[in-house]
1. The conditions are (1) within 15 Å of A:A133 (Cβ to Cβ); (2) more than 9 Å from ligand 1 (Cβ to nearest atom); (3) open to solvent by less than 10 Å² (accessible area, probe 1.4 Å), and A:Q276 fails exactly one of them. Which is it?
2. Among the listed residues A:D297, A:D303, identify the single one that is facing chain B (nearest Cβ under 9 Å) and buried (at least 17 other Cβ atoms within 10 Å of the Cβ).
3. Kindly establish whether B:T157 is within 15 Å of ligand 2 (Cβ to nearest atom) and of a type in the set (V, I, T).
4. For residues in the range B:138-159 being more than 10 Å from chain A (Cβ to nearest Cβ) and assigned to a loop (DSSP other than H, G, I, E, B), which is nearest to the chain's Cα centre (by Cα)?
5. Given (1) within 14 Å of ligand 1 (Cβ to nearest atom); (2) at pLDDT below 95, identify the lone condition not met by A:K190.
6. Can you tell me how many residues within the range A:125-141 are without any contact (Cβ under 8 Å) to a residue 40 or more places away in the chain and touching a strand residue (DSSP E or B) at 6+ places or on another chain (Cβ under 6 Å)?
7. Output the number of the condition that B:D206 fails; it satisfies all remaining conditions of (1) within 11 Å of chain A (Cβ to nearest Cβ); (2) acidic (D, E); (3) closer than 30 Å to A:I112 by Cα.
Amino acid sequence: MAEVLVYVDHVDGAVRKPTLELLTLARRIGEPVAVHLGPGADTAAAVLAEHGAVKVLTADAPEFADYLVVPKVDALEAAAKAVSPAAVLVPSSAEGKEIAARLALRLGSGVITDAVDLTAGDSGPVATQSAFAAAFTTKSRVSKGTPVITVKPNSAPVEPAPAAGTVEQLAVTFGPLATGTKVVQRTERKASGRPELTEAAIVVSGGRGVNGAENFSVIEQLADSLGAAVGASRAAVDAGWYPHSNQVGQTGKSVSPQLYIANGISGAIQHRAGMQTSKTIVAVNKDAEAPIFDLVDFGVVGDLFQVVPQLTEEVKARKG
Amino acid sequence: MSLRIVVAVKYVPDATGDRHFAEDLTTDRDAVDGLLSELDEYAVEQALQIAEAADDAEVTAVTVGPEDARGAVLKALQMGVAKGVHVEDDALHGTDVIGTSLVLAKAIEHIGYDLVVTGMASTDGTMGVLPALLAERLGVPGVTLLSEVAVADGKVTGRRDGDVASEQLEASLPALVSVTDQSGEARYPSFKGIMAAKKKPLESLDLSDLGIDPAEVGLAGAWTAVDDATARPPRTAGTIVKDEGEGGKQLAEFLASQKFI
Ligand SMILES: Cc1cc2nc3c(=O)[nH]c(=O)nc-3n(C[C@H](O)[C@H](O)[C@H](O)COP(=O)(O)OP(=O)(O)OC[C@H]3O[C@@H](n4cnc5c(N)ncnc54)[C@H](O)[C@@H]3O)c2cc1C
Ligand SMILES: Cc1cc2nc3c(=O)[nH]c(=O)nc-3n(C[C@H](O)[C@H](O)[C@H](O)COP(=O)(O)OP(=O)(O)OC[C@H]3O[C@@H](n4cnc5c(N)ncnc54)[C@H](O)[C@@H]3O)c2cc1C
């Protein structure tokens, strides 16, 4: 069976959930071969094997952390030459998309980004994408070279499927471009203790209607009662009420959770672009005419400062 | 020494309009008015600020697209860019991102550059990969997704706010940078700027000017194929209740019925 390269997104060997989802998708089109770059391969290999990786190619070098993007492209290119894969799958993070694009160009291949589903087709993998702020669903394929496809988080279930997971060293030679962009300093983001926004099953968001940084505790309390991630509209972020890393929308994170709860958010097209593919959508807004209500499965027209705390109490009571 | 800055700007259908695909599954550009991608306004702004901070610098805006895509360059000229270049050719219809990056790279080499500035993503294709492809093609460092950027002493520095960390980056010129919408509000064209733009040079180029074989671009030359585009079915109308003191409880009831609690 054809091999499919899966780029592993991890933090020091802790594999992030979107990579495990890619392994599920990879198994639909071939045998997953994971590529793990940087430290922690031993920890990662076991998890990758449990989820279907027949092989884990690893390389570690200071270049991966000290320079932007290109060293990882050099490594993936080496992996693609070693394996001749039927496709290369990369998680759709900002970095993942850059890696995928450069790799595709080097392999003389087309690139598809932000796939939300992947199936085997007669002439290679078929990717489902949402276009124009999710108003359209398209089916695309790469018509030249090795398909390089980035896939959005939450596009497939994580399924255990034990495989060999044989670890092999990958020989990488860095090209002249690899050391072009130096990372002079890195400040790790403080963990909030809440689920990662793009991976969370439930996202609770606040917008301009939250009316102040201090009021975001109302949103956070609801999120915590549901075990959810906290999102924000750009209006709330621009006002400085919540960090940009929590922004949902076209220029923020694109989320596709089981449940999205929008509070005090009007539903502008750029916000919708980042949440419209959520399975169930709920909104609280005091304006019955707010466009967000066009999207909802359940909406409450009312003041969020009345509705949200009551909902939080109710959730806590029901969960016991 | 003059600093040559080229800013890539895309003309896109207005996102607040009813955007569609045409019969050949390319963007229907006739259905909705176009404009300069709002995210490229940030690129123009940063290009202008970098030029203003330099002793001697010139900014050129370049776009690849059909006739009305000139509008994107015109807006950049109105904002303060000195020169414009529009690559237009019938053979370009349906070009994918790989082909677009080829045309842009050739055009940028034709113009001559020390620094290329782009937006973070277009507001129609929204792939966010063109900057990386351009850097790869031009063979220069890519310093991408910057929320802060500065150029001094032949070096570009900037801050990239990522998922797990915020990074301070540095590269030597020539280089490519892409900037996010966190990089600072874009200026509005002044009346003077709008009048001045009419007299600024706006060069038109076609594929033969750039030495590109038409077979490498367009729908036929694309390395990806869209086989199907379906409008998302309208969501079935949801239940909407007015809060009369029990809104939170009603919402909880709904969430429970859907097994979320
Ligand atoms: C290029 C570009 C990119 C963009 N990217 C993004 C993006 O990534 N994400 C994003 O969100 N936006 C983005 N925007 C901005 C977007 O256009 C909107 O301006 C933004 O989403 C509005 O945020 P909001 O809904 O919180 O605010 P508003 O539109 O002001 O809506 C506030 C809502 O809160 C309601 N409200 C007020 N008080 C209460 C209360 N007490 N209880 C209940 N409801 C209340 C109001 O009725 C109103 O509907 C982008 C714009 C551009 C041009
Ligand atoms: C809905 C939709 C889906 C698409 N899907 C795919 C796909 O899966 N695969 C594929 O190969 N192509 C696809 N395309 C085509 C692709 O979007 C175009 O080729 C496009 O020119 C490059 O990608 P982008 O617009 O997403 O640019 P991005 O990579 O998002 O753009 C980033 C920056 O590059 C610059 N830039 C981009 N285009 C131009 C231009 N024409 N002129 C000047 N500067 C520019 C701007 O500075 C912009 O801010 C799609 C287009 C649409 C409308």
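The values are calculated or read from the model by the stated rules, or taken from the named source; none is laboratory data. For clarity, every value in this text was computed on a predicted model and none was experimentally measured. Note that each Cβ is placed from the backbone with ideal geometry, even for glycine, and that neighbours are counted across all protein chains shown. Only protein heavy atoms, including side chains, enter the accessible area calculation; ligands, DNA and RNA are left aside. Shrake-Rupley method; radii C 1.70, N 1.55, O 1.52, S 1.80 Å.
1. (3) is the only condition that A:Q276 fails.
2. Details: A:D303 fails: buried (at least 17 other Cβ atoms within 10 Å of the Cβ).
So the residue among A:D297, A:D303 that is facing chain B (nearest Cβ under 9 Å) and buried (at least 17 other Cβ atoms within 10 Å of the Cβ) is A:D297.
3. Working: within 15 Å of ligand 2 (Cβ to nearest atom): no; of a type in the set (V, I, T): yes.
In short, no.
4. Restricting to residues being more than 10 Å from chain A (Cβ to nearest Cβ) and assigned to a loop (DSSP other than H, G, I, E, B), the top hit is B:G154.
5. (1)
6. 11
7. So the condition that B:D206 fails would be (1).
Results for (1) closer than 23 Å to A:V172 by Cα; (2) open to solvent by 20 Å² or more (accessible area, probe 1.4 Å); (3) of a type outside the set (D, E, K, R); (4) without any contact (Cβ under 8 Å) to a residue 12 or more places away in the chain, shown as yes or no for each residue.
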residue: A:M1; (1), (2), (3), (4): no, yes, yes, no
residue: A:D9; (1), (2), (3), (4): yes, yes, no, no
residue: A:G13; (1), (2), (3), (4): yes, no, yes, no
residue: A:K55; (1), (2), (3), (4): yes, yes, no, no
residue: A:T58; (1), (2), (3), (4): yes, no, yes, no
